[in-house]
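Contents: one structure, followed by commentary.
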Amino acid sequence: MNTTTVLETMFSVHGRRPLEAQFNEYLKVFDQIGLNDSVKVFEHVRDKEDKFPTIRQMRGIIGNLGIWGKPKANIEYDDCYYCQGVGYIPYLLSPKKDKRISKYTIVVMACKCSAGQDLPEDVERYFDTHKSVQFEEEEGELKDVAYPVLVTVKQTEFNKYLRSKE
Ligand SMILES: [Zn+2]
């Protein structure tokens, strides 16, 4: 077992499939604290947290577990439709507009909520570049899905269409 497998398990017990950039940010924190303490964080998140923590919340948990520094007050969760409280919003790049890619590709940008604001400054801010989100909330089957899931669904749909025209 290593920090990568601990983190994969942590995401999967919460039914989450992280985007690569997102996963790497969490992994940086796990690598900072090492394997044994990562397992402690994983067990805490599995047993005590109803929601998957943002990176900021995870740092708070690490503090509360006494892994580094002094315990801090519990951090409030953000309920954010766009990023689901993890800070990253996916954006779909089109191969028709971007010649570097051959199929629809997801990149991530920072959200406007507090979780997004806490991301490193070199992460591009979604709403600095875009006035609104790429896809409107859908009716019907996709009505209640989280925005990041909606983008993934669109990606699959568009790529299927792209392949059918080849
Ligand atoms: Zn957000």
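Where a number appears in this text, it was derived from the coordinates with a stated rule and is not lab data. As the structure is a prediction and not an experimental result, all values here were calculated from the model. Using ideal geometry, Cβ is built from the backbone for each residue, glycine included, and neighbour counts are taken over all protein chains shown.
Please identify, among D79, D98, D118, the residue showing maximal mean-square fluctuation in a Gaussian network model of the chain using a 10 angstrom Cα cutoff.
Judging by the Gaussian network model, the answer is D98.
Tabulate in residue order the Karplus-calculated ³J(HN,Hα) for region 114-130, using 6.51 cos²θ - 1.76 cosθ + 1.60 with θ = phi - 60°, rounded to whole Hz; enter x for Gly and Pro.
So the Karplus estimates, Gly and Pro as x, are 5, 5, x, 5, 7, 6, x, 5, 7, 7, 4, 7, 3, 7, 6, 8, 10 Hz.
Give me the distance in nm between label points sitting 7 Å out from Cα along the Cα-to-Cβ direction at E139 and F127, one decimal.
Taking the two extended label points, one gets 2.7 nm.
Taking neighbour counts of Cβ atoms within 10 Å as a proxy for exposure, in what order, fewest first, do S132, S94 appear?
Arranged by neighbour count, lowest to highest, S132, S94 become S132, S94.
Compare the peptides 43-53, 120-130, 144-154, 82-92 by average per-residue count of other Cβ atoms within 10 angstrom and give them in order, highest first.
Ranked by mean Cβ neighbours within 10 Å, highest first: 82-92, 144-154, 43-53, 120-130.
Given that compact globular proteins tend to follow 2.2 N^0.38 Å, what is the ratio of the alpha-carbon Rg of the chain to that value?
Compared with the compact-globule rule of thumb, the chain sits at 1.14.
Just to check, using Stokes-Einstein with a Kirkwood Rh over alpha carbon pairs, what's the diffusion coefficient of region 88-164 at 25 °C and 0.890 mPa s in µm²/s?
The diffusion coefficient I find is 180 µm²/s.
How large is the helix-only mean residue ellipticity at 222 nm for the chain, computed as the sum of -39500 (n - 2.57) over DSSP H runs with n ≥ 4, divided by its residue count, in deg cm²/dmol to the nearest 500?
Taking each H run of at least 4 residues, the total per residue is -14500 deg cm²/dmol.
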